[in-house]
Structures are given as structure tokens and as C-alpha cells.
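So the structure is just underneath, and the comments pick up after that.
No value in this document is a laboratory result; all are computed from the given coordinates. Because the structure is a prediction, the values reported are computed rather than measured. Cβ placement follows ideal geometry from the backbone for every residue including glycine, while neighbour counts extend to all protein chains displayed.
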Amino acid sequence: AQNNAHFGKAIIQVLQPTGIAFGRSHLEAEVGSDLILYISLYANSGGKKVTISDCRRVDFSVRIKDNDIFRLASDGCGRMSSYDDSCCGFVLTAVASGDTIATVHFGNMSESVQISAYLPLKLETPTEIFVMLGSSFFIRTFGGPRPWILDPSKYYLKLIYSDTSNLISNGDFSSQDGQIIVTCKDNKGDVLIVVVVGNEASSTNPLPAKAETKLRVCCGLPTRLSLSLLRPYQSKCPTNVRAVSCSQPSTLAVSAFGHCESGPSMGLEKQLDSLTSLKMNWKVSNKDVADVEEDKRSELSEVRGILKPREIVGKVEIIASTGEYKVGNRRLYFPQELQSKMQTVLVRNAEAIPSLVVLLNEKSASKAIR
């Protein structure tokens, strides 16, 4: 039986569309993933703008300006949005990194929107790094959402730390090369850092994408140093040969090793990846034979020196030592001095005598060269 006291009614209107637009949609997608662009179709009813609720059977046409960046993946406008400002959606697949424009047509109406595809976010920095107290390092990223082409000021790279132990401070961020400078303070320990890249929401990008990646940083102190000669990459000399030219400068490199006091690598000896806070002292056993000057072009993971010989053949002992480091403007000291020594032989450059030989072009012609 039916109760006539309970009833409802709905008004169904069949209206002629008067406007078209893109509904609330994500406009960025990682390469290899899909992007759904939702379509809004409007009509006028009694002088008011009315949104058509379902237009999945409407014969829309969608064009992508650059099909090398995005490719249309669906035959029709079959997807429905959870928002009430659209009536169907097209599926696009991100093919390559870049920006392009999607345009939807219906009759004599059309609307365009900017869309962007980006590569997966990756770290160019190792996922686990060991940094000396007071030293700085770069977190470098590759891929991830790029600055939004219509409002690049909304772009950000931020760091989220796993705890509040105040081990690390971060400085300036450059969106042009995707890197941020980070510094270990004066406490030992390890911290997990989540790197988040994306754009803030804006009127032209209401649902921005974001990407995340992780790295672990251990802040600590070295327990030993290792002094070595820095050979050119093309050098054929064995690594255990410590002979250098007595007439040309040579580059020395000091690396440092220590242990993380917490985290996955706790107790394992590791080379420190940044020594920018380390104060290194150089000595030679005989300054009449050679001297050492600090090399201002030192890498983050090495302290370098320049061995400057005085064109005298002989032997010299080089000593690299340190007893202090800096954290900000403060000078701090190791419990005991660290040092590394190396014996080096200074020799004359090899030369051929005579340096020029002219021979007749016949089998019996010869000349000894030493």
C-alpha cells in the first residue's frame, strides 16, 4: 500500500547548452600515469546559469596540442567526477615531461586548459649520507612537479623531519636547479628527511600535484683521517705509488671516517660525505724540498692541499692533522688530535734524450733513445 502523505517531485529540464568549461581537475601528472580532465557544460534557465549533470553521451572533441607529451587514452567522455561542477571526463596519459594545452570542442563552443607532465621525483643526493657536525651539504632532486607555468611563484621544495631533535638546519632553496643547502648542527644523531616537491594551489591550478622522496642523514664526527695523492683520471700510475714530480704541483686529498651513533648504519665505519667545517693543518718534514698550501677548490667530502715542490729530488713526509672544527661562529675541539701521514718521493719528469730524431726511410737506419 502507498501512503499519499509521503511523496516527492523532481523537475527535469531539457536545455540547450550555452557554455563549456573544464571542471575541477588535476592538471599535472607523472609520466606513465593518467590524467582525467572533467568537462563542465552549462545552460541558461530562467536567466540563471545551470550546470548540466550528465553529458556522457555528448559528442565532445578533445585535442592535445602536443601529443608527444600527453595522449588521449579514452574514446569518449565517460568518467564522472566527485565534484558537482562537471558532467563527464576524458582520460589522458602522460607520455613525456613537458607542458602543453588541451582543448575541448562542442559545436561552436570550445575551452582550453594548460596541463603538465613531469618525471618521477628522484634524489641526485645519496639516500643515506654522513655529515660532520657544522658541515653543509646539498639535497639535489631531479624530476617531480615543475614550477606551474601560469604561476611559477607557487612552486616549493620543503623538508619534513622525522623528529624534533633539532639536528639540522636548512637554508636557501633554488627552484632553478632543484637543490637546498642543509647543515648539521652540534648534536650527533640521525634523522629521516622527507623531501616534498610541488606547487601551492592557485586559481589556475586548484588541485596541484606533489611528489615525495626520502633520505637519511647522520650527523657525527670523524675518528680517523686518510691522506692520499689525487691522481688525474687518465693517470696510469698504480695507486700505491707515491712518487710525484719535483717541478710540478700535486694535489693532496684528506678524507675522514667515523661511525653513526644511531640509525641503520650505527656502529659501521663510513666515510663522511661533507667536511666543510673541518680545520686542517698541513706540515712537511723538509720545507727546503716542498711545502703545502690549502686548496680552496676542496670538495665537500675532501679537504685538499697543493704540494708545491722546489725542483729538488728527494723524499718528504706530509702530515695532515686537525684538532678543531666550526659550528656556525663557534670553534669546537676534538677529544684528541687526528692526523694522517704519507711519505712522498719527488722525482724528475721523464724525458727522452735526444728529444728529436731524424732518420732515413730505410731498414738499416736506427738511433738509440734513452
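What to note about this one:
- By the beta-carbon count within 10 Å of each Cβ, the least crowded to most crowded order of Phe130, Phe7, fewest first, is Phe7, Phe130.
- The aspartates and glutamates within cross-link reach of Lys287, meaning a Cα-to-Cα straight distance under 20 Å and a gap of 8 or more places when in the same chain, are Asp295, Glu311, Glu317.
- Neighbour-limited loop hits for GluC sites (Glu not before Pro), segment 128-230 (at most 13 other Cβ within 10 Å; DSSP other than H, G, I, E, B): Glu200
- 20 Å Cα-Cα threshold exceeded, pairs from Lys154/Lys185; Lys122/Lys210; Lys122/Lys214: Lys154/Lys185
- Alpha-carbon centroid distance for the pair segment 199-219 / segment 78-116, whole angstrom: 23 Å
- Spin-label model, Ala10/Leu360: points 7 Å from Cα along the beta carbon direction are separated by 11.2 nm.
- Sequentially through segment 99-104, phi angles give Karplus couplings (6.51, -1.76, 1.60; θ = phi - 60°) of 10, 8, 10, 9, 10, 10 Hz, Gly and Pro residues having no value and appearing as x.
- A dipole drawn for the chain from +1 and -1 charges on Cβ atoms has a positive end, and of Leu150, Gly46, Pro206 the residue lying farthest that way is Leu150.
- Residues whose amide H falls under 5 Å from that of Asn286, counting only those 5 or more places apart or on a different chain, are Glu317, with hydrogens built in the peptide plane.
- Taken about its Cα centre, segment 17-118 carries a charge dipole of about 380 debye when Lys and Arg each add +1 at the Cβ and Asp and Glu each add -1 at the Cβ.
- Nearby lysines by direct alpha-carbon distance to Lys188 (threshold 18 angstrom, same-chain neighbours under 8 apart not counted): Lys270, Lys326
- Unit charges at the beta carbon, dipole of the chain: most positive-side option, Leu230, Leu35, Ser255: Leu230
- Simple Cβ-charge dipole of segment 122-220, Lys/Arg +1 and Asp/Glu -1, about Cα centre, in debye nearest 20: 120 debye
- Förster-model FRET efficiency, 41 Å R0, Ile312 and Gln339, C-beta, rounded to 0.05: 0.95
- Arranged from fewest to most other beta-carbon atoms within 10 Å of their beta carbon, Leu225, Leu123 become Leu123, Leu225.
- Net charge of neighbours whose Cβ lies under 9 Å from the Cβ of Ile129, counting Lys and Arg as +1 and Asp and Glu as -1: -1
- Within the same chain, aspartates and glutamates fewer than 8 places from Lys48 are excluded, and of the rest, those with a Cα less than 16 Å from its Cα are Asp85.
- Options Val316, Ile115, Leu338, ranked by Cα towards positive dipole end of the chain, top entry (Cβ charges): Val316
- Note on Glu28, Glu362, Glu311: ascending count of other Cβ atoms within 10 Å places them as Glu362, Glu311, Glu28, the fewest first.
- Dipole moment magnitude, nearest 20 debye, the chain about Cα centre, only Lys, Arg, Asp, Glu C-beta charged: 820 debye
- Inter-part distance where segment 266-303 and segment 2-44 are each reduced to a Cα centre, Å: 67 Å
- Looking at the chain, the DSSP beta bridges with both ends there are about 90 percent antiparallel.
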